[in-house]
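The values are calculated or read from the model by the stated rules, or taken from the named source; none is laboratory data. Here the structure is a predicted model, which is why all the values come from computation and not from measurement. Here the Cβ positions follow ideal geometry from the backbone for every residue, glycine too, while neighbour counts run over all protein chains shown. Accessible surface is based on the protein model in full, side chains and every heavy atom, while ligands, DNA and RNA are left aside. Shrake-Rupley method; radii C 1.70, N 1.55, O 1.52, S 1.80 Å.
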Amino acid sequence: MTSSLMPLSARRILKTAKVKITTKCNRHCDFCIFAEGGQGENMSLDTFAQVLDRLEQIPFRQLHINGGEPTVHRDFHKLSALARVRFPDQIMVLGSNAITLARNERLLETVLAYYDQVLIGCDEEHDNYEEVHAVLPVLREAGKIVVVNSVLEAIAPDRLQQLAVLCEEHGAIHVTNHVHHIDVGQPANVLGGLCDRNVDQHLMIEVDGDCYRCFNAMAKIDSEFTVWDADFATKVFEPRSKHYEFCLKCHEYKDSGFPVVPAPIRHTAPA
Ligand code: SF4
């Protein structure tokens, strides 16, 4: 045998399993398609436990608890504690706007007890400068990795500079982004090969169990399977041979040149 096709699933591991525990939020950012303000829906504690059961079937590095604003979930403490117990070796990451953390000591204690990293969106839309200034030093003092993300379309230069200084002073990471996960009337991409930007990167699980293998592919039609499917663990690593609906409008489209991603890799067997 001169060459063989290795089974792709045998050596693959997902970077992030992201569970959206609520679509409720305490903010109404214009660009956000992930939340529905106070009208949103919580994932029940029971459903969350079942999602964790499903995640035990796949290898992944980080468990990301996300929303909406996850800290407004009434069972945030219990959900966080349960996830930590079930996945002691995975990195626990929280996506938050930090507003409740600045105002509610119990919630902040929950984060300090169970999470390793906190990702905070901060700009005019989030309107959370004071809260971030209050919470970030506490998180860093406790040794948490903190990443502050600002949307460039929604922040004034002086605010951006202040955040950069705050992060520098406390050893947090400051990143900026363009709004990339919404259709703002941009012309459609010319889709050639499939985009492999998110292969083995993010699995997002919605409140209803719908799964997306790209954080950007958020059109309901882009959900390829659910966490409840019997062959869920296989589907997570199945090759993709179709564009997501949202690839047409995605600012991050990157043509891999391949009609299937990940492209099969040929391994030459030793002579
Ligand atoms: S083009 Fe965008 S939505 Fe499509 S796979 Fe790439 S990053 Fe995801």
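Brief remarks follow.
- Here the Gaussian network model covers the chain, with springs between Cα atoms less than 10 Å apart; of ALA217, ALA81, ALA230, ALA230 fluctuates the most.
- Cysteines having no other Cys beta carbon under 4.7 Å from their own, within the chain: CYS25, CYS122, CYS167, CYS195, CYS211, CYS214, CYS247, CYS250
- For the chain, the longest site-free run once GluC sites (Glu not before Pro) in DSSP loop states with at most 16 other Cβ atoms within 10 Å are removed: 125-251
- Pairwise centroid distance, computed over Cα atoms, of region 74-120 with region 195-271, Å: 28 Å
- Along its principal axes, the chain has C-alpha extents of 63, 44, 41 angstrom, given from the largest down.
- GNM on the chain, alpha-carbon springs under 10 angstrom: the most fluctuating residue among ASN66, ASN128, ASN177 is ASN177.
- Most mobile of VAL85, VAL199, VAL146 in a GNM of the chain (Cα contacts under 10 Å): VAL85
- Given LYS18/LYS144; LYS20/LYS235; LYS144/LYS254; LYS144/LYS249; LYS20/LYS254; LYS24/LYS220, the pairs whose alpha carbons are separated by over 24 Å: LYS144/LYS254; LYS144/LYS249; LYS20/LYS254
- Here the spin labels are modelled as points 7 Å beyond Cα on the Cα-Cβ line, and at ILE145 and ARG27 they lie 2.2 nm apart.
- For the chain, share of DSSP beta bridges that run antiparallel, in % to the nearest 5: 25 percent
- Cα gyration tensor category, rounded, prolate or oblate, for region 44-193 with a/c compared to 1.5: oblate
- Estimated D of region 91-135 in µm² per second, where Rh is the Kirkwood radius over Cα pairs and Stokes-Einstein applies at 4 °C, 1.567 mPa s: 121 µm²/s
- Largest-first ordering by accessible area, 1.4 Å probe, given options ARG61, ARG159: ARG61, ARG159
- Each helix, a run of at least 4 DSSP H residues, gives -39500 (n - 2.57); summed and divided by the residues of the chain, these come to -7500 deg cm²/dmol at 222 nm.
- Debye log10 I(q)/I(0) for region 134-233, one point scatterer per Cα, at q = 0.10, 0.13, 0.22 Å⁻¹: -0.47, -0.74, -1.10
- Relative contact order of region 77-142: 37 percent, from C-alpha pairs under 8 Å at least 6 residues apart in sequence.
- Full extension of the chain between GLU238 and ALA156 gives 25.2 nm of extra length, using 0.36 nm per residue less the Cα-Cα distance.
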